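Engineer: One structure, as structure tokens, below. Some questions next.
The values are calculated or read from the model by the stated rules, or taken from the named source; none is laboratory data. Every value quoted in this text rests on a predicted model; they were computed, and no experiment measured them. Methodologically, a virtual Cβ is constructed for each residue, glycine included, from the backbone with ideal geometry; neighbour enumeration extends over all protein chains shown. Surface areas here come from the heavy atoms of the whole protein model, side chains and all, with no ligands, DNA or RNA. Shrake-Rupley method; radii C 1.70, N 1.55, O 1.52, S 1.80 Å.
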Amino acid sequence: MAPESVLYQIKGHAAIITINRPDKLNALNESVLGELNVSLDKAEADRNVSAVVITGAGDKAFVAGADIARLSELTVITAREFVERGQTLFNRIEKFPKPVIAAVNGYALGGGSELAWACHIRIASRNARFGQPEVNLGIIPGYGGTQRLPRLVGRGIATELIVTGNQIEAETALAMRLVNKVVEQAELLPAALELVESISQRAPFAVRLALQAIDAAVQLPQDEGMKLEAQLFALSCGTADHKEGASAFLEKRKPVWKGA
Ligand code: COA
């Protein structure tokens, strides 16, 4: 039986999704994309899961890009379908109703960087390397790199990374605010899980609404984002958890969230 190319594991309140092709540096192929989708389905449906951690198997790579063997076969017609499949999945991650944390444990190149950019939070191990090397292969990023990277770091730095194809180290990514923190490799998963446990203490529906409002900050003009924030804020005030949060504070006890 072929090994699963994506592993799904529950730890505490986290769903840990591990891309599992270490002999190919976890390069993305169709089965990885399909299995990632299935793992996201499970994480979305499980009420015990507060947040998702995506990482790569082994200690060398998060994801070293889309599978170059597959890329080499693409034509003008099949390429469109190929990128739309990846874009749809990465858009799903960006709009996922629970926080998604990329635990970047090594090379994150091409589609690997783009996967990290689509996640809500990025933590990197000290040996992580980021890059958009597509121009070395005569192509451009196609899983959202040209759109998400400029929004994350601004046009100048995004352009430099995309048109040179140069790799940057974890500390440089931290200085560019592309990652939230850099830790030793052994500390990477514990750091991600610590974040998940912190999130798990908060009202789940409020977390979900906050993700939606933050997404609007990236996607919409500010005036429209403000309107959406007002609507989502009003919605949060109609929840049982809003009453529970306020009562628990006043009664000096821990809140018991209903997620509604
Ligand atoms: N697609 C398919 N296979 C890949 C891959 C990718 N994106 N990245 C790495 N691999 C494979 C290699 O072909 C090799 O397979 P093999 O052992 O069957 O020959 C295996 O993973 C190990 O990679 P290797 O190149 O030997 O490791 P390295 O330590 O010498 O170099 C990298 C690591 C990441 C610098 C190098 O693999 C690389 O440049 N990969 C391509 C990155 C890229 O351009 N990604 C963007 C695609 S758009």
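Engineer: Which whole-number percent gives the relative contact order of the chain, counting Cα pairs below 8 Å spaced six or more residues apart?
Structural biologist: Reported relative contact order: 16 percent.
Engineer: Sequence neighbours fewer than 8 away in the same chain don't count; with that in mind, list the aspartates and glutamates whose C-alpha is under 16 Å from K181.
Structural biologist: Those aspartates and glutamates meeting the cut-off are E169, E171, E194.
Engineer: Pick from P133, P204, P190: which is most flexible by mean-square fluctuation in a GNM of the chain where alpha carbon atoms under 10 Å apart are linked?
Structural biologist: P190
Engineer: While we're on this one: In terms of solvent-accessible area of protein heavy atoms at a 1.4 angstrom probe, what is the ranking of E244, E184, highest value first?
Structural biologist: E184, E244
Engineer: Per residue, how much accessible area does the range 168-258 show when a 1.4 Å probe rolls over the protein heavy atoms, in square angstrom?
Structural biologist: Per residue, the range 168-258 has an accessible area of 66 Å².
Engineer: Oh, and also: Considering amide H positions built from the backbone, and no H for Pro or chain starts, which residues 5 or more places from F62, or on another chain, come under 5 Å of its amide H?
Structural biologist: N105, G106, Y107, A108
Engineer: Also, I was wondering about something else. Expressed as an acute angle from 0 to 90° and rounded to the nearest 10, what is the orientation of the C-alpha long axis of helix 204-219 relative to the principal long axis of the chain?
Structural biologist: Tilt relative to the chain: about 50 degrees.
Engineer: Still on this structure, please answer the following. Output the 0 to 90 degree angle, nearest 10, between the alpha-carbon long axis of helix 76-94 and the longest principal axis computed from the alpha carbons of the chain.
Structural biologist: 30
Engineer: Taking Cα centroids, how far is the range 106-150 from the range 53-68 in Å?
Structural biologist: After rounding, the separation between the Cα centres reads 11 Å.
Engineer: Could you work out how far helix 240-250 tilts from the main Cα principal axis of the chain, as a 0 to 90 degree angle to the nearest 10?
Structural biologist: Result, in degrees: 60.
Engineer: For M226, M176, write out the residues from largest to smallest accessible area, computed with a 1.4 angstrom probe and no ligands counted.
Structural biologist: From most accessible down to least: M226, M176.
Engineer: Next question. Which net charge results when you count Lys and Arg as +1 and Asp and Glu as -1 among the other residues whose beta-carbon is under 14 Å from that of N166?
Structural biologist: My count for the surroundings of N166 gives -2.
Engineer: For the range 1-134, what ratio Rg/Rh do Cα atoms give with a Kirkwood hydrodynamic radius? Don't skip to the end; give the middle numbers.
Structural biologist: Working: Rg = 14.0 Å, Rh = 14.8 Å.
Result: Rg/Rh = 0.95.
Engineer: Okay, next question. Looking only at I17, I101, I157, which one moves most when the chain is put into a Gaussian network model with springs between Cα atoms under 10 Å?
Structural biologist: Sorting by GNM fluctuation, first place goes to I157.
Engineer: If you don't mind, there's one more thing I want to ask. Determine the per residue accessible area of the range 1-145 with all protein chains present and a 1.4 angstrom probe, expressed in square angstrom.
Structural biologist: Heavy-atom accessible area per residue stands at 42 Å².
Engineer: Among DSSP beta bridges lying fully in the range 6-200, give the percent that are antiparallel, nearest 5.
Structural biologist: DSSP beta bridges in the range 6-200 are roughly 25 percent antiparallel.
Engineer: Please list, ordered by chain and number, the residues whose modelled amide H lies under 5 Å from the amide H of V100; skip anything fewer than 5 residues away on the same chain.
Structural biologist: Counting only residues 5 or more places away or on other chains, the set is V52, H120, I121.
Engineer: Express the carbon and sulfur contribution to the solvent-accessible surface of the chain as a percent, rounded to the nearest whole number, probe 1.4 angstrom.
Structural biologist: 57
Engineer: Would you tell me the accessible area of R129, worked out with a 1.4 angstrom probe on the heavy atoms of the protein chains, in Å² to the nearest 10?
Structural biologist: 70
Engineer: Order the following by accessible area, largest value first: S50, S39, S72, S198. Probe radius 1.4 Å; ligands, DNA and RNA are ignored.
Structural biologist: So, going from the largest accessible area down, we get S72, S198, S50, S39.
Engineer: Where the only charges are on Cβ atoms (+1 Lys, Arg; -1 Asp, Glu), what is the dipole of the range 9-51 about its Cα centre, to the nearest 20 debye?
Structural biologist: So the dipole magnitude of the range 9-51 works out to roughly 160 debye.
Engineer: What are the radius of gyration and Dmax of the chain, computed over its Cα atoms and given in Å?
Structural biologist: Looking at the chain, its Cα Rg and Dmax stand at 19.0, 64 Å.
Engineer: Please give the solvent-accessible surface of K95 in Å², to the nearest 10, using a probe radius of 1.4 Å with every protein chain present.
Structural biologist: Only protein atoms counted, so the area is about 120 Å².
Engineer: Report Rg (one decimal) and Dmax (nearest whole number) for the range 1-80, counting Cα atoms only, units Å.
Structural biologist: Cα-based Rg and Dmax for the range 1-80 come out at 14.1, 45 Å.
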